[in-house]
Amino acid sequence: MWQWLPQRWRTEARDLIELVLVPGLAAVLPWPWCFAIFKRLARVRWLYGAACAHALAQAQQRGQVTDAVQWESTRRLVTLVDHADHYLAATRSNSWMGRHLTVQGQWPNPQEAGIFCTFHWGAGMWGLRHASASAMQGHALVAAMEGTPFAGRTVLHWYVRARTGSVGKALGRAPLEVSGSLRPVIQALRRKEQVIAAIDVPSDQVSASVPVQLLGMPARVPKGLLRLAVDYKVPVTVYVTGLDMQTGERFLRLVQLGIWEDLDGLVKAVFDLLEAALREDSAAWHFWGEAPRFFAPTPPTETGQISY
């Protein structure tokens, strides 16, 4: 019967299930119960099926997978929890965060300008919430929420807009849209506030990039924000927010890198921390599906074939 539905209806129905109905269970169930259900659902290959299969294929092609079944299950679980955090953040207090989030390191002085870098790894909502609870004056950097990716996908567009609103609520400050210029970032830094960015975006999405080695492979990464840190002598802090795949408990790790005068050195220091996270759990990186936009082309190998 599913196949008889018009394509638009199938797309909207899948988005409704994957972005609202299933992750929305987190709003109404105790988190241990909900996470137990999510662990079971992570074995259902239909859920986030195409995206997870594509991510797995890209990671395998680059030699980052030893157990394909486990890797894809973890990838699906991280996706599910990341979406669920939109609903958890709306229904749980800072007291809940204190019980379920373990913190290593500390945020810098909230009265000073700062650039906070993170990655599309793990589930980052509670890192934002903890920054706000620690008196940070952070603004998240976001891209425009219009255009081709939302054509014919009303549910997806609603979800992205609502999630961006959740980011603003978590930080207590409106996000900054920086699609055309970094001027809003400079203005925030001059006000002694902080800006927060997931810095591992494909180089073709930004105006300037630099080469790095990531997992032993050549890649290109954005440099604009880190160039600002060097030019304006703004201290940089890197953080990652992850989860225990067995219990669903969260962790936040902060590393203060301070002020740098050498852009190349700063880029390496930041992306060495992404590499460490990838080596800890490569399946927790949300951008494997975009790997061809990060890494130099690699020839197909046997590891590029999906097998179960």
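The values are calculated or read from the model by the stated rules, or taken from the named source; none is laboratory data. As the structure is a prediction and not an experimental result, all values here were calculated from the model. With ideal geometry, Cβ positions are generated from the backbone for all residues, glycine too; neighbour counts draw on all protein chains shown. Calculation scope for accessible area: heavy atoms of the full protein, side chains included, ligands and nucleic acids excluded. Shrake-Rupley method; radii C 1.70, N 1.55, O 1.52, S 1.80 Å.
At a glance:
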| quantity | calculated |
| --- | --- |
| 196, 17, ranked by accessible area, largest first (probe 1.4 Å) | 17, 196 |
| Heavy-atom SASA rank of 237, 11 (probe 1.4 Å, accessible area, largest first) | 11, 237 |
| Alpha-carbon centroids, segment 236-279 and segment 112-129: separation in whole Å | 9 |
| Listed residues 175, 297, 202, most fluctuating in the chain (Gaussian network, C-alpha, under 10 Å) | 297 |
| Sites residue 102 and residue 8, calculated FRET efficiency, Cβ-Cβ separation with R0 45 Å, nearest 0.05 | 0.55 |
| Rounded to 5, percent antiparallel among DSSP beta bridges of segment 122-252 | 60 |
| Stretchable slack from residue 91 to residue 67, in nm (0.36 nm times residue separation minus alpha-carbon distance) | 5.1 nm |
| Derived scalar couplings ³J(HN,Hα) [segment 203-208; Karplus, 6.51 cos²θ - 1.76 cosθ + 1.60; whole Hz; x for Gly, Pro] | 5, 6, 9, 10, 7, 9 |
| Prolate/oblate/rounded call for segment 72-206, Cα gyration tensor, a/c under 1.5 rounded | oblate |
| Accessible surface of the chain [probe 1.4 Å, protein heavy atoms]: carbon and sulfur percent | 56 |
| Span-like helix ranges in the chain, DSSP H, alpha carbon extent 24 angstrom or more, Kyte mean at least 0.5 | 263-280 |
| Residue pairs, from the table 233/268; 192/233; 169/223, whose Cα atoms sit over 22 Å apart | 169/223 |
| Prolate/oblate/rounded label for segment 206-266 (Cα gyration tensor, a/c 1.5) | oblate |
| Largest-first ordering by accessible area, 1.4 Å probe, given options 12, 72, 112 | 112, 12, 72 |
| Beta bridges per DSSP with both ends in the chain, % antiparallel, nearest 5 | 45 |
| Stretch gain in nm, segment residue 205-residue 293, where the contour uses 0.36 nm per residue and the Cα spacing is subtracted | 30.8 nm |
| Residue 43-residue 183 pseudo-label distance in nm [points 7 Å out on the Cα-to-Cβ vector] | 5.6 |
| Anisotropy class of segment 67-143 from Cα gyration tensor, a/c 1.5 cut | prolate |
